[in-house]
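Got a structure here, written out as structure tokens. Questions coming.
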Amino acid sequence: MAAEMRLPAVHKFISLPTTSQSQDDKQLVVPGEVITSDTGFMRGHGTYMDEDRLTASVAGEVERVNKLICVKPLKTRFNGEVGDVIVGRVTEVQQKRWKVESNSRLDSVLLLSSVNLPGGELRRRSAEDELAMRDYLQEGDLISAEVQSIFSDGALSLHTRSLKYGKLGQGVLVQVSPSLVKRQKTHFHNLLCGASIILGNNGYVWLYPTPDQQDEEAGGYFTSLEPVSLSDREVISRLRNCLLALSAHKVLLYDTSVLYCYESSLSHQIKDILKPEVMEEIVLETRQRLIEHEC
Amino acid sequence: MAGLELLSDQGYRLDGRKAPELRKVQARMSVFAQADGSAYLEQGNTKALAVVYGPHETRGSRSKSLHDRAVINCQYSMATFSTAERKRRPHGDRKSSEMSLHLKQTFEAAVLTQLYPRSQIDIYVKILQADGGNYSACVNAATLALVDAGIPMRDYVCACTAGFVEETPLADLCHVEESGGGTSLSLALLPRSGNIALLQMDARLHQDHLDTLIEAAMTACKGLSKVLDSVVRQHLKEVSVLTRD
Amino acid sequence: MAAVHLSEAEKVYIIHGVRDDLRLDGRGCEDYRHMEIETDVVSNTDGSAKISLGHTDVLVGIKAEIGKPKPLVPNEGYLEFFVDCSANATPEFEGRGGEDLGVELSNTLYKVFNNRLSVDLRSLCISPGEHCWVLYVDVLLLQCDGNLFDAMSIAIKAALFNTRISKVQLSENEEGGKEIELSDDPYDCMRLDVENVPCIVTLCKIGHRHVVDATLQEKACSVASVLISVTHRGTVTCVRKMGKGSLDPESIFEMTEAGKRVGKSLHAPLMRLLQEEESLGQKRQKVGFLG
């Protein structure tokens, strides 16, 4: 048994090696700061009009896309867009729909008509289906889904109409900030180290043991409760700690960065990864490799 | 109170400051990882911790949620060891409820709540050490926590207290100066527009002096806003450097 | 405690992992998370300490006041505990939500310290039957991620080590009554002997094995837990079973033995750390929340 205690250390500002892009072309603004007085621009998220002057309402970077100006805050709740992949937890079972908590400002909604019926039938949902809702998804279950549309008050409407979405089985959920998950073509990855990962845009990341071929056709209704092997568990625990280390140092998360971090961490024991100095070392190595990879 | 001179003949106060001088302000954002936004602020010996959760779905009664804007829910509480004499109850007494209401009123003026219908934003402030200016420290800490959480606001909200002794306005009162029985004015300001979000004054004051007192408080708030601004920019620089890929 | 909802499959994963001695973050069943302890964080208290155990943050402040001793034990002082579960930790603790948990935590602390060995209460006596020192130990819960009891007890031990009580002088005034004079010198103070202060170890039963320092997710998978407070010599001052489920006698015996072993090993590193911190003296850079 081990109980390691230490005195807290003063937080140091890590200065990174600068890349080819200089620091100056990023404009950082604070709430209340005027971005421009030119009326030709359209205002996007994170800004408001204060008597013809475009003013920032959050603290973050200014993004200009043609005539659109928006301010992207550093840390915020998930603002969903159509097509985003999310991992969420069911909080309520209501009439003909489930309420899913997805780290956004309102709980998302999964309508009964937006899930696949067992066996893949295509028919109108009947009263029996409504009564059988709880057999499929209960409070506390995790699902992976895609955003279908957005309601007028901002709540997201989800759907799981594809075999890759649905109820999630055994695995580990890691919660990070949504702004750290990079937008990519696919969010489902089977990593080379031996586990699989779903990087939800809402900041919820799901790690699970890579399923064998035949399980993939089940369509998410059958969750296997067989014990996972020890080697898979070690890989998943190591990945979990690496994800926490990367998010603590605000590194963008995508399959390559997670894989590099995993490889850098192999020289340490799994439980040591969460120590501050080991975290720093691993993240620094990962950053170096990512910069080299880009060049 | 007998024998305590709040302002000496040379113009120095009890802790060595001049009349319009503010106490030293130090702050840090993102103190807690689990909350959406958090901040810690020290104004002299007064230490305040603010935590923001939200915006999230309204928990509890559905009737509390508003259809067109977000509900701001504040709670002010003091640690039992924060005052010189131990406090029995951290919150729930009248003073804390009044402070919570003031905080709610202040932030409803600054946060752009109409962007978040049917949601709730929780702001919890804890005073770890009380040495005068409790309300101001809370407002300043809560502003930083809201900026950390990425919740849109019109502007910073800065607050400061001011007092009046011997025809001179004093800025940023400490506990001894506040409890001396003289005038004490609390002001919460949105610095860029100069709009006042909350104004409260205790004790008697001649109406001729009111304008000078408000002016002194506003200048103090503007000074504070510069400090908060530098803290936010420093934090932005640190974090944005790291998120670049 | 702040509830975390888990799906059945997640719980099964955790239970199987504990069986193989590999928890979610790679720890073994008897490993603690990373701990950071600092004393003297709040300046207008007589002693204070702050601990971060993983994501659990606890702040303890101790104030010493002069009061009347209890009638049954006139030549001893006493300790009063108060635990404040603040809304900072989770929105569920807003208003009166945290009171139940706070009362449960303070009652457990009373039981743990309710013996002659833990703190030398006689040293807190000023004049028998009339005046004594009362130590108000206030615990503030700032962030909650499981294992509150252990974090609290370690922080209390560190805060008691840090407590400085000014020395008093008794004098007689003209009418024959006693007067108490507090020494003006801030360095002229009395320290407490914390050798025998116990530390609490909570063991949660998950499946057929038990784990130390459970996170909120692991707590959600366990049906019952055993709380045991142990001094550095291995003396047990309090054993409690908590939780909704029931335990068979062998498990309780096993968990008590494990708890004694783990608890005994907590004291030595803690005292070493506290001595190290004290030896840094004035040169120590205070981190607190600003670091």
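The values are calculated or read from the model by the stated rules, or taken from the named source; none is laboratory data. Everything quoted here is computed from the prediction, not taken from an experiment. Using ideal geometry, Cβ is built from the backbone for each residue, glycine included, and neighbour counts are taken over all protein chains shown.
In the range A:261-283, how many residues are assigned to a helix (DSSP H, G or I) and either within 15 Å of C:D31 (Cβ to Cβ) or of a type outside the set (D, E, K, R) (or both)?
Looking only at that region, the number is 14.
Identify, by number, the condition in (1) part of a strand (DSSP E or B); (2) surrounded by fewer than 24 Cβ atoms within 10 Å (Cβ to Cβ) that C:V58 doesn't meet.
(2) is the only condition that C:V58 fails.
Can you find even one residue in the range B:200-212 that is crowded, with 24+ Cβ neighbours inside 10 Å and either closer than 30 Å to A:V176 by Cβ or in contact (Cβ under 8 Å) with a residue 40 or more places away in the chain (or both)?
no
Checking the structure you have, find out if any residue of the range C:194-206 is among the acidic types (D, E) and farther than 22 Å from A:E4 by Cα.
No: zero hits.
Still on this structure, I have one more. Looking at C:L141, C:L203, C:L216 in this structure, which one is in contact with a Ser or Thr (Cβ under 7 Å, 6 or more places away or on another chain), farther than 23 Å from C:C125 by Cβ and within 14 Å of chain B (Cβ to nearest Cβ)?
Step by step, each of C:L141, C:L203, C:L216 is checked, and only C:L141 is in contact with a Ser or Thr (Cβ under 7 Å, 6 or more places away or on another chain), farther than 23 Å from C:C125 by Cβ and within 14 Å of chain B (Cβ to nearest Cβ).
For the structure I just gave you, tell me whether C:R272 is more than 13 Å from every other protein chain (Cβ to nearest Cβ), out of contact with any helix residue (DSSP H, G or I) (no Cβ under 6 Å at 6 or more places or on another chain), loosely packed, with under 15 Cβ neighbours inside 10 Å and not aliphatic (A, V, I, L, M).
No: the conditions fail for C:R272.
Which residues, counting only those in the range A:250-289, are charged (D, E, K, R) and under 19 Å from A:G203 (Cβ atoms)?
Across the range A:250-289, the qualifying residues are A:K250, A:D255.
Looking at B:G16, B:G3, B:G54, which is the one that is modelled with pLDDT under 90, closer than 24 Å to B:L146 by Cβ and small (G, A, S)?
Going through B:G16, B:G3, B:G54 in turn, the sole match is B:G54.
For the range C:1-32, name all the residues that are assigned to a loop (DSSP other than H, G, I, E, B), of a type in the set (D, E, K, R), surrounded by fewer than 22 Cβ atoms within 10 Å (Cβ to Cβ) and more than 7 Å from chain A (Cβ to nearest Cβ).
Correct list: C:D21 only.
Restricted to the range B:6-41, and to residues that are in a strand (DSSP E or B), more than 14 Å from chain C (Cβ to nearest Cβ) and touching a residue at least 40 places away in the same chain (Cβ under 8 Å), which residue is surrounded by the fewest Cβ atoms within 10 Å (Cβ to Cβ)?
B:L7
Something else about it: Look through the range A:239-250, keep the residues that are surrounded by fewer than 23 Cβ atoms within 10 Å (Cβ to Cβ) and either free of Cβ contacts under 8 Å to residues at least 24 places away in the same chain or touching a helix residue (DSSP H, G or I) at 6+ places or on another chain (Cβ under 6 Å) (or both), and return whichever of them is nearest to the other protein chains (Cβ to nearest Cβ).
Only one residue fits best here, namely A:K250.
Which residues, taken from the range B:125-154, are more than 23 Å from B:E98 (Cβ to Cβ) and in a loop (DSSP other than H, G, I, E, B)?
Within the range B:125-154, B:G150, B:I151, B:P152, B:R154 qualify.
For the range A:90-110: of the residues being within 8 Å of chain B (Cβ to nearest Cβ) and in contact with a Pro (Cβ under 9 Å, 6 or more places away or on another chain), which is modelled with the lowest pLDDT?
Result: A:R105.
Among strands (runs of 3 or more DSSP E) lying entirely in the range A:57-105, which contain 3 or more residues that are over 21 Å from the mean Cα position of the chain (by Cα)?
Because the criterion is at least 3 residues that are over 21 Å from the mean Cα position of the chain (by Cα), the strands (runs of 3 or more DSSP E) in the range A:57-105 that meet it are A:60-65, A:68-73, A:85-94.
Within the range C:95-106, which residues are over 12 Å from the mean Cα position of the chain (by Cα) and assigned to a helix (DSSP H, G or I)?
C:E99, C:D100, C:L101, C:G102, C:V103, C:E104, listed by residue number.
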